[in-house]
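Okay, structure first, notes after.
Just so it is clear, none of the values below were taken in a lab; they were calculated from the coordinates. From a predicted model like this one, the values you see are computed outputs, not experimental measurements. Using ideal geometry, Cβ is built from the backbone for each residue, glycine included, and neighbour counts are taken over all protein chains shown.
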């Protein structure tokens, strides 16, 4: 049973008999002495996909949900279904585009390092790796002599994701992008 103070993004807990995944955490320190830290948590119900906001004290206990985590690889898009393959037994699992929400902007065929959450042998969610490598398909031409200063320009990546990149980046380059905040990290 995890404490509220030990929660991390991606953890799965049971609330009101249903599994919920932690999407966003915010710690609020009170200004008065002796008061405990409050944790505001945004959950997504893994069955109904509804969002739920809760507040907990740091020493509140939550119940672990009964789920299984397996390593999968993103294989391909089949209509509106994203197909993932178990890297051990090659079983295939499908998730719809609406189930993935913003995560689909980081999926490229053959992407490894993805963790699937299974409940009763049904895939309900995925955890992406911390960063992915994506090629640029459209950006303004790079400037000669541009330094790595804070000046940026928008770049559209192969999945349709638009990120801000330094001025010296050119079309066709591979970029490393952070999957938690969607920001440019470095050239790949």
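Residues of region 158-188 with backbone nitrogen within less than 13 Å of a virtual label 7 Å along the Cα-to-Cβ line of residue 151, please, listed as ranges. Zone members listed by number: 166-169.
Measuring nothing but how far apart in sequence close Cα pairs (under 8 Å, 6+ apart) lie, relative to its length, the chain scores a relative contact order of 14 percent. GNM on the chain, C-alpha springs below 10 Å: top fluctuator among 69, 151, 104? So, out of 69, 151, 104, the one fluctuating most is 151.
Mean residue ellipticity at 222 nm, helices only, the chain: -500 deg cm²/dmol; runs of at least 4 DSSP H residues each add -39,500 (n - 2.57), and the sum is divided by the number of residues.
Spin-label model, residue 100/residue 40: points 7 Å from Cα along the beta carbon direction are separated by 3.1 nm. Using a Gaussian network model of the chain in which every pair of alpha carbons under 10 angstrom is joined by a spring, one finds that among 68, 122, 50 the greatest mean-square fluctuation is at 50. Multiplying the residue separation of residue 181 and residue 68 by 0.36 nm and subtracting their alpha-carbon distance yields 38.1 nm.
With a cut-off of 20 Å on the backbone N, the residues of region 160-178 near the modelled label site 7 Å out from residue 138 along Cα-Cβ are 160-175.
Taking a ≥ b ≥ c as the square roots of the Cα gyration tensor eigenvalues, with a/c under 1.5 meaning rounded and otherwise prolate when a/b beats b/c, else oblate, which class fits region 97-144? It comes out prolate by the Cα gyration axes.
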